[in-house]
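Working notes for the structure below.
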Amino acid sequence: MSSTEQAFWFVLGGDHLVLLDEQGRIPQGPKACLPAELHTTAFEHFDQWGDLPCYLLDLGEGADTVATSPLRQLMVAGDEEGFRLAGRAWQLATFRRTHRFCGECGAPMIPKAEEWAQGCRHGHVVYPRISPCIIVAVRKGPAILLAAHRRHYQAEDPMYTVLAGFVEAGENLEQCVAREVFEESGIRVRNVRYVASQPWPFPHSLMMGFTADYESGEIRVQDEELVAADFFEAGALPRLPPHGTIARRLIEQCLADVG
């Protein structure tokens with residue numbers, strides 16, 4: 001790349017931190033738009049944003065991250081494409097960080113030249129890990145099932161969202177929806193319908209969104225996962241996930257269908 005090439009620059013460090021410009025966006029322009037200490041650093045091309053290339057640099061887990069911001073800030077700001085590409089960059093960086101050595105022979109892994117993969121000297125090749133997850137909005141008449149999850153719970157003004165979970169080996173997506181809802185809430189569902197998907201780089205999930213209808217059961221929360229759960233109608237909703245998340249999209253679609 002030349003020093004005057006126009007590009008988007010994805011500089012990562014620490015734990016899901018990314019360098020943003022003064023407007024809170026991914027830096028765009030020639031390499032000179034970056035901090036001076038990065039002007040001679042080697043970047044890797046990993047994607048395209050419109051007509052401009054996207055370059056990636058991972059400063060590492062122990063890097064000085066004073067000038068960086070949480071990746072989620074792009075999502076909260078409504079920068080959908082910036083968040084998507086920064087999330088892709090983070091999944092690729094996470095892959096490199098966690099696959100320094102071969103899982104078969106223990107030898108060091110090096111990047112493959114023609115694809116985003118790591119290989120060892122014996123020819124074993126691995127690719128970035130993707131973990132399939134389901135996320136589901138369950139509707140009961142005019143109400144939707146929402147839960148406060150332990151992993152991001154705060155007692156004052158808690159956020160409520162839909163249920164989600166990882167797909168298990170030998171399980172199809174519809175079976176996963178039914179199992180996760182029952183395990184976490186004690187509710188049985190029917191009429192499971194696919195809606196949309198969203199890559200989720202925390203750290204390497206692919207969220208596959210569904211809606212489903214209540215069939216039977218009383219709410220009985222799984223204490224290890226949830227603090228509370230209940231059915232909420234549109235006029236009495238708790239604090240919801242931010243716009244830009246598939247969780248918010250499912251909630252809004254489910255309630256719109258009721259109306």
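Data overview
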quantity: The range 67-135-the range 200-259 distance, computed between alpha-carbon centres (Å); calculated: 28
quantity: Under-5 Å amide H pairs with HIS149, H placed in peptide plane, nonlocal only; calculated: THR161, VAL227
quantity: Nearest-20 debye value, the range 131-257 charge dipole, Cβ charges on Lys, Arg, Asp, Glu; calculated: 300
quantity: Computed accessible area, CYS120, all protein chains, 1.4 angstrom probe, square angstrom; calculated: 20
quantity: Residue-normalised accessible area of the range 1-96, given per residue in Å² at a 1.4 Å probe; calculated: 50
quantity: Exposure ranking of SER216, SER131 by accessible area [1.4 Å probe, largest first]; calculated: SER216, SER131
quantity: Leading residue at positive end of dipole, the chain (Cβ point charges), from ALA117, PRO203, THR161; calculated: ALA117
quantity: Positive-pole candidate from GLN48, PHE182, GLY170, dipole of the chain, charges at beta carbon; calculated: GLY170
quantity: Relative contact order [Cα under 8 Å, 6+ residues apart], the range 7-99, whole percent; calculated: 36
quantity: Answer label, with Kirkwood radius over Cα pairs in Å calculated from the coordinates and candidates (i) 18.5; (ii) 20.5; (iii) 19.1; calculated: (ii)
quantity: Value of Rg to Rh for the range 131-257 (Rh from inverse mean 1/r over Cα pairs, i.e. Kirkwood); calculated: 0.92
quantity: Derived scalar couplings ³J(HN,Hα) [the range 105-111; Karplus, 6.51 cos²θ - 1.76 cosθ + 1.60; whole Hz; x for Gly, Pro]; calculated: 10, x, 6, x, 9, 10, x
quantity: Probe 1.4 Å, accessible area per residue of the range 131-257, Å²; calculated: 48
quantity: Bridge type composition, the chain - antiparallel percent by DSSP, nearest 5; calculated: 75
quantity: Rounded FRET efficiency, nearest 0.05, which uses the C-beta distance separating GLU44 from CYS105 and R0 of 30 Å; calculated: 0.75
quantity: Distribution of pairwise C-alpha distances over the range 1-75, 5 Å bins, in %; calculated: 3, 16, 29, 28, 18, 6, 0
quantity: Residue among GLY103, GLY165, GLY78 with the largest mean-square fluctuation in a Gaussian network model of the chain, springs linking Cα atoms under 10 Å; calculated: GLY103
quantity: Sites LEU173 and ALA117 - FRET efficiency at Förster radius 22 Å, r taken between beta-carbons, to 0.05; calculated: 0.25
quantity: Accessible surface of the range 7-99, 1.4 Å probe, proportion on carbon and sulfur as whole %; calculated: 49
quantity: Structure-based [θ]222 nm, the chain - -39500 (n - 2.57) summed over DSSP H runs of at least 4, per residue, nearest 500; calculated: -6000 deg cm²/dmol
quantity: Extension gain, HIS152 back to ASP64 (0.36 nm per residue minus Cα-Cα distance, nm); calculated: 29.1 nm
quantity: Gyration tensor (alpha-carbon) shape descriptor, the range 28-181, a/c threshold 1.5; calculated: oblate
quantity: Solvent-accessible area of THR245 with every protein chain in place, 1.4 Å probe, in Å² to the nearest 10; calculated: 20
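The values are calculated or read from the model by the stated rules, or taken from the named source; none is laboratory data. These numbers were taken from a predicted model, which means no experiment stands behind them. Cβ atoms come from the backbone with ideal geometry, glycine included; neighbour counts cover every protein chain shown. What goes into the accessible areas is simple: the full protein's heavy atoms, side chains included, and nothing from ligands, DNA or RNA. Shrake-Rupley method; radii C 1.70, N 1.55, O 1.52, S 1.80 Å.
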